[in-house]
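A quick write-up on the structure given underneath.
The numbers here are math on the coordinates, done by the rules we state, and not lab data. Predicted, not measured: the structure shown is a model, and the values here were computed from it. Here the Cβ is made from the backbone with ideal geometry for all residues, glycine too, and neighbour counts use every protein chain on show.
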């Protein structure tokens, strides 16, 4: 810093520490709740330090589930979430990178029309066209299928833009050289462009994995069968079930496991995460 | 910007854009058109007959006090979410930027809430403030303040604001921090040599230079409060008590799926579409300006 002001530095640490504590507090309480038995979690005040029932709660929720709202074990919902998150994130990257490749490296009629058609989707989030989009998916027989969970969400203007931006920054000499050497567009794409896009792909992967895992409204619409419920859906269903005494220990164990995978991705791939977030600008 | 070097192929480029375009047409354009189309139709309760009713659905909506109430709630909600979210994360970013030692550790501790689904965030905050077992509700009661979001509409709204702000703080924080770190140190040093203290430096140099970031984040946060918070509401209050937290996005879902009022829900969709298009245009105009900044 420009000058030494010890008090101000201490004050800064203090403010940030309080911020960190407040931000972490809900998750701490969730973790604590997931380590006690159901009776303890019904008496107010609830404990603020972990108890001895961690393994029991987690194994119960993973193998049997939360009987009050649905019989499915959390393992199935976690599997569904994983399929959906990976499907959305890989699907988005694949169809966006090839679309951007076409738009940047070819001249063809309707090229700009295609570009704008993709661009406009930024303005049509699923939340504003809930009922008709459900109608399309139901008409195609995609309710209660993995393709229904994944395919309608994999069109991506942001990913297409990001790849377009990156391809435009790739020196023309590379394409020229490979053409002189007799390589066609497919060869050029796989041998040169794809390896060069590694960092962009990694950044997008992190952002889109979190996006896919945390989807809530869409799975709520297109799943009726419990065997297709996602982990995030289960958490909300358990917590808002009104008719029975809640077992907070099990609900919170579900919540912990439902947030673990995306949080781990952010913590361990923080560099790619920040890059992806800042570059996609949502 | 265009490439000088391109490949000559007749069909390959079409095949490459086909998947993206097909999905866009099937799941974006067609449903949006359907929403516009349904918004001028009236379907009877048994789904048999539909009638073309011009703008009756919209007129009905604009005469409906419940719609006004939902719009007002959404306005208050997004104002609070954007206002609180931006000021808290700006404070944290400015403080974190001052810290030299341990800055990366703090950053790691502040970014992970982004990875928690809004619906899960709603559940976590609901648990903290649960009238029966919530630790915060219990503490407040000791201080003589009764907090019961299940019965009190104002408190329920406050709670979904907390949960929504919590979910969005990491995003704002990262952008503010990036903005702060891109301000040239020499400017701040020059001001310090001229005798400006930290407070003065913040308001006369840092804050104005940060305003493009702030404006961008304001738009993003309003879009988030309008459309990204469905999960928070559904995981926490389900629009209640007595529709006190029924924001517009939740009402579209509720009227269309629960209430089966397709025409009314479609008219609401069209209005929301207009709002999101407006906000996106504002956002992009701003990004264009940032390039020349």
If you average 1/r across every pair of different Cα atoms in the protein assembly as shown and take the reciprocal, what Kirkwood value do you get, in Å? 25.6
Quick check: the angle from helix A:270-280's long axis to the longest principal axis of chain A, C-alpha only, nearest 10 degrees? 60
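Between rounded, prolate and oblate, where does the stretch B:8-166 land on the alpha carbon gyration tensor, with a ≥ b ≥ c its root eigenvalues, rounded for a/c under 1.5, else prolate if a/b exceeds b/c?
Details: a/c = 2.77, a/b = 1.31, b/c = 2.11.
It comes out oblate by the Cα gyration axes.
Once you compute Rg and the Kirkwood Rh from C-alpha atoms, what is the Rg to Rh ratio for the stretch A:14-140?
Details: Rg = 23.6 Å, Rh = 20.1 Å.
Computed over Cα atoms, the ratio is 1.17.
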Using the Kirkwood radius built from alpha carbon pairs, what does the Stokes-Einstein equation give as D for the stretch B:151-208 at 20 °C and 1.002 mPa s, in µm² per second? 152
Taking only Cα atoms of chain B, radius of gyration then Dmax in Å: 23.8, 78
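Step by step: find N for the stretch B:136-293, compute 2.2 N^0.38 Å, then divide the Cα radius of gyration by it. What's the final number? Don't skip to the answer; put the middle values down first.
Numbers: Rg = 21.1 Å, N = 158, 2.2 N^0.38 = 15.1 Å.
Computed over Cα atoms of the stretch B:136-293, the ratio equals 1.40.
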Classify the stretch A:34-278 as rounded, prolate or oblate, taking a ≥ b ≥ c as the square roots of the eigenvalues of its Cα gyration tensor: rounded when a/c is under 1.5, otherwise prolate if a/b is larger than b/c and oblate if not. prolate
Within 10 Å of each Cβ in A:147-156, the average number of Cβ atoms from other chains: 3
With the calculation restricted to Cα positions, what are the radius of gyration and Dmax of the stretch A:135-282 in angstrom? 20.7, 73
Run the simple label-point estimate for residue B:211 and residue B:101 please: 7 Å along Cα→C-beta, distance reported in nm. 3.8
Give me the distance in nm between label points sitting 7 Å out from Cα along the Cα-to-Cβ direction at residue A:39 and residue A:18, one decimal. 4.0
Compute the distance from the alpha-carbon center of the stretch B:176-194 to that of the stretch B:52-66, in whole Å. 53
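So if I average 1/r over every pair of distinct C-alpha atoms in the stretch B:86-201 and take the inverse, what Kirkwood radius in Å does that give?
On the way: mean 1/r = 0.0598 Å⁻¹.
Across the stretch B:86-201, the inverse of the average 1/r is 16.7 Å.
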Cut-off 19 Å, label point 7 angstrom out along Cα-to-Cβ of residue A:10: give me the residues of the stretch B:180-219 whose amide nitrogen falls inside. B:198-199
Starting from the Cα of residue B:275, step 7 Å along the direction of its Cβ; do the same at residue A:190; then give the gap between the two resulting points in nm. 4.8
If a/c stays under 1.5 just call it rounded; otherwise compare a/b with b/c (prolate if a/b is bigger, oblate if not). Do that for the stretch B:211-256, with a ≥ b ≥ c from the square roots of the Cα gyration tensor eigenvalues. prolate
Give the residues of the stretch B:194-217 whose amide nitrogen is closer than 15 Å to a point set 7 Å from the Cα of residue B:181 in the direction of its Cβ. none
Neighbour-count ranking for A:76, B:36, B:73 (other C-beta within 10 angstrom, fewest to most) reads B:36, A:76, B:73
Under 17 Å from a label point 7 Å along Cα→Cβ of residue A:68: give me every residue in the stretch B:128-148 with its amide N that close. B:128-135
To the nearest 0.05, how large is the calculated FRET efficiency for residue A:75 and residue A:110 if R₀ is 45 Å and r is the Cβ-Cβ distance? 0.45
